[in-house]
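Only the coordinates and a few stated rules stand behind these numbers; no lab work does. Because the structure is a prediction, the values reported are computed rather than measured. All Cβ positions, even for glycine, are placed from backbone atoms using ideal geometry, and neighbour counts span all protein chains on display.
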Amino acid sequence: MYTHDVALDELEGRLSKDQRPEFWEELWERYVESKLDYKSAEETLQSKRRQAGADCLRLLEWLEPLGTEVREAKGVALLRKVLSQQYEVQQSGQIEPVKVHASGIVQNPHDADVEWSAKGHGKEKKEWKGYKIQVAETVASREDQSSFIASVVTQRATESDDAGLPATMQKQKALGLGLPSELYTDGAYISGRAIQEAKEAGWQLVGPAQPSASRVRLAKEYRIEAFDISITERKALCPDGKTSTNCSKLTEEKSGKVTYRFEFGSQCHSCPHKATCVPSALPHRTILVGAYHEELQQRRRDQQSEEFQLRMHQRNAIEGTISELVRGYSLRHARYRGLVKVDLQNQRVKLLFLSRSFPRDALNRIRFNALFDSATCPSTGSWVIHRNLQKTKETSILPND
């Protein structure tokens with residue numbers, strides 16, 4: 001409903017009275033001068049939602065022959081986007097609201113940058129409308145017990161942590177900071193490719209790799225982690241010591257993504273563990289891995305060691321930093337509209353946090369000032385990165401959203 005309001009209000013300033021469609025007054029009264037009662041019965045709300053979709057399609061079709069400056073106006077473009085996300089046209093020509101929304105759909109007509117997203121599953125699932133923030137902080141050492149926030153990067157809610165990692169590095173480069181010697185993360189940032197790229201760039205990405213996806217009726221002892229896979233030698237060794245009989249390199253035509261498929265052939269037929277290792281729909285075990293699987297495989301092995309687990313304790317401090325930013329500086333609530341302004345809010349929070357974190361003595365004032373001087377700002381050492389979910393105020397796009 002609010003999306004119609006925004007579009008009609010913008011079109012009023014672009015179209016003179018004699019240029020407007022014959023149904024203009026009808027739409028103006030329905031969406032600008034009237035307000036929807038969200039306490040109405042469910043049947044009434046659904047009826048109004050269908051009406052909103054039909055009116056949206058009607059207006060957009062009328063605008064189609066007009067000039068680009070009208071047809072592609074900001075409010076009209078938003079209305080077109082909402083129609084494609086919230087409705088679908090049936091074969092009969094009738095327009096119906098979609099039953100399941102995808103992540104990333106427009107949530108607020110006054111802030112098209114706001115997106116809905118979710119992470120986790122079951123009881124651990126978190127849903128929010130807004131943005132995502134990547135916070136990077138230095139790790140305190142024996143020589144220097146203090147730490148500071150190296151960068152804050154604001155992302156759209158649906159952007160992945162895979163994209164957040166290079167964005168953080170780019171942000172720190174723009175601030176005049178060099179690369180860390182090591183960067184501690186949780187499993188969401190870890191992939192074989194990220195590990196390899198960090199190694200090639202001269203620094204180390206430290207964090208636990210996530211387990212492979214589970215499959216129905218596949219025992220834990222026979223998941224991909226249990227196989228010794230060598231892409232270099234094009235062979236894989238199963239937990240029972242059998243070697244793969246075939247390896248195929250597969251390249252996706254559009255994306256260029258490379259994967260490798262290992263097959264174990266007829267030797268699986270007589271294997272006593274076939275029932276727990278081979279999916280019932282397949283004649284033998286087949287494994288599909290990415291081009292950087294060897295790096296991921298090594299990390300999964302390393303993270304089982306006590307040494308690795310002790311190393312990861314250095315990441316714990318940022319949990320306290322995130323908590324302080326959320327509780328003391330309201331980092332979890334976006335106060336402004338638009339990604340640019342929200343990012344400006346987050347940069348201000350960073351500066352306030354830094355200015356209040358350093359004690360008021362001469363040494364730490366020098367250290368604080370050094371954060372803004374690329375010649376003296378620390379460029380090496382250990383850093384840690386973590387994400388935070390940032391919410392916006394609720395504003396519905398259409399009834400019953």
Inset, instruction - Highest first, please rank the peptides 75-81, 15-21 by the mean number of other Cβ atoms sitting within 10 Å of their residues. - result: 75-81, 15-21
Legend entry - Exposure proxy order (Cβ contacts within 10 Å, fewest to most) of Ser270, Ser160: Ser270, Ser160
Legend entry - Calculated Cα extents along the principal axes in Å (choose from (i) 78, 73, 40; (ii) 68, 55, 33; (iii) 73, 49, 40), label: (i)
Inset, instruction - For the pairs Lys220/Lys274; Lys48/Lys119; Lys126/Lys391; Lys126/Lys173; Lys132/Lys171, note any where the Cα-Cα span goes beyond 20 Å. - result: Lys48/Lys119; Lys126/Lys173
Inset, instruction - Calculate one ³J(HN,Hα) per residue across segment 239-251 by plugging θ = phi - 60° into the Karplus curve 6.51 cos²θ - 1.76 cosθ + 1.60, and present them in order as whole Hz with x for glycine and proline. - result: x, 8, x, 8, 9, 4, 9, 8, 9, 10, 8, 10, 10
Legend entry - Protection proxy ranking, peptides 177-183, 147-153, 56-62, 303-309, average beta carbon neighbours within 10 Å, highest first: 147-153, 177-183, 56-62, 303-309
Inset, instruction - Provide Met312, Met169 in ascending order of the number of other Cβ atoms located within 10 Å of each residue's Cβ, fewest first. - result: Met312, Met169
Legend entry - Karplus-derived HN-Hα couplings along segment 259-269 (A = 6.51, B = -1.76, C = 1.60, θ = phi - 60°), whole Hz, x at Gly and Pro: 9, 10, 10, 9, 10, 10, x, 5, 5, 6, 4
Inset, instruction - Would you pull out the residues with amide H under 5 Å of Ser151's amide H, same chain only if 5 or more places away, H placed 1.01 Å from N? - result: Ala136
